[in-house]
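**Student:** Structure in structure tokens, see below.
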Amino acid sequence: ILLQDDACHSLQVARFEDDDHIGDGDRWVTVRPVPGSLTINTGDMAMICSNGRFRAPLHRVLTDPTKKRYSAPFFYNPGYNELISPFACCCSQENDDGGLKEDIANESVVNENNNNHDLQSLKYHPCLWGYFRALRFAGDLTDLGVEIQTSHFKVGQESSHIEKQRRFMEVVDFEEPFNVEKYRHILES
């Protein structure tokens, strides 16, 4: 949640069909503040929970040496051992007019969290927040040769991360401080 300064427009978001692609300069759009309102930047897990309805935008902040800008980020994340999957209410098919169809019982599937989802509309495999965050952390501090993205958990796309996540879940102890080297053999690409 961002309360933007009306005099400082530095937040930009990318307009891409797929947020995993780095774009060129003409694809970046400055987020102009609306007086009296908040800007909401949804994250990766909200993208998965909403089954892609809320995007986790690729974003950046530009600096202007002539203006002061203060930032105090706060990140609200799930527990490391939480398996994040699309909410059932976000997995209904849409009618041609944009309204939601009722889920069809004979086309539903039960995922690891025992939620019924429409097979044709489930867009993401469950994602362990601790695994996802471990790879982001490792990518920030080491060179494992991988940059984890929500697209690695999309249904219908091949990804080694589903199997790596399973192996990681078997050995990780979230009660210990995280050590990249201890899990490098699983996390590396």
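The values are calculated or read from the model by the stated rules, or taken from the named source; none is laboratory data. None of the values given here were measured: they were computed from a predicted structure. All Cβ positions, glycine included, derive from the backbone under ideal geometry; neighbour counts span all protein chains shown. Each accessible area value is taken on the protein alone, full model and side chains, heavy atoms only, with ligands, DNA and RNA left out. Shrake-Rupley method; radii C 1.70, N 1.55, O 1.52, S 1.80 Å.
**Student:** Can you list residue pairs whose Cβ atoms sit under 7 Å apart, with the first residue in the range 176-188 being in contact (Cβ under 8 Å) with a residue 40 or more places away in the chain and the second being of a type in the set (Val, Ile, Thr) and open to solvent by less than 80 Å² (accessible area, probe 1.4 Å)? Count only pairs 6 or more apart in sequence or on different chains.
**Tutor:** Close Cβ pairs satisfying both conditions: Val180/Thr142; Tyr183/Val172.
**Student:** Output yes when any residue across the range 86-108 is in contact with a helix residue (DSSP H, G or I) (Cβ under 7 Å, 6 or more places away or on another chain), assigned to a loop (DSSP other than H, G, I, E, B), modelled with pLDDT of 85 or more and within 21 Å of Arg133 (Cβ to Cβ), and no when none is.
**Tutor:** Scanning the range 86-108 turns up at least one residue that is in contact with a helix residue (DSSP H, G or I) (Cβ under 7 Å, 6 or more places away or on another chain), assigned to a loop (DSSP other than H, G, I, E, B), modelled with pLDDT of 85 or more and within 21 Å of Arg133 (Cβ to Cβ).
**Student:** In the range 168-189, which residues are closer than 29 Å to Phe54 by Cα and assigned to a helix (DSSP H, G or I)?
**Tutor:** Result: Phe168, Met169, Leu187.
**Student:** Moving on. Quick check on my filter: what residues within the range 34-52 are surrounded by 14 or more Cβ atoms within 10 Å (Cβ to Cβ) and touching a residue at least 24 places away in the same chain (Cβ under 8 Å)?
**Tutor:** Thr39, Asn41, Gly43, Asp44, Met45, Met47, Ile48, Cys49, Ser50, Asn51, Gly52
**Student:** Does Ser159 satisfy being open to solvent by less than 60 Å² (accessible area, probe 1.4 Å), at pLDDT 90 or above and assigned to a helix (DSSP H, G or I)?
**Tutor:** Spelling it out, it is not the case that Ser159 is open to solvent by less than 60 Å² (accessible area, probe 1.4 Å), at pLDDT 90 or above and assigned to a helix (DSSP H, G or I).
**Student:** Is at least one residue of the range 177-185 surrounded by 12 or more Cβ atoms within 10 Å (Cβ to Cβ) and touching a Pro at 6+ places or on another chain (Cβ under 8 Å)?
**Tutor:** No - not one qualifying residue is present in the range 177-185.
**Student:** Consider His117 against the criteria (1) under 19 Å from Arg53 (Cα atoms); (2) modelled with pLDDT of 50 or more: it satisfies all of them except one. Which criterion is unmet?
**Tutor:** (2)
**Student:** Write out, first by first residue and then by second, each pair whose Cβ atoms fall under 8 Å of each other, whose residues are 6+ apart or on separate chains, and whose first residue, in the range 154-167, is within 18 Å of Pro86 (Cα to Cα) while the second is open to solvent by 80 Å² or more (accessible area, probe 1.4 Å) and assigned to a loop (DSSP other than H, G, I, E, B).
**Tutor:** Lys154/Lys123; Val155/Lys123
**Student:** Just one of the numbered conditions (1) more than 17 Å from Arg136 (Cα to Cα); (2) modelled with pLDDT of 80 or more is not true of Arg69; which one?
**Tutor:** For Arg69, the failing item is (2).
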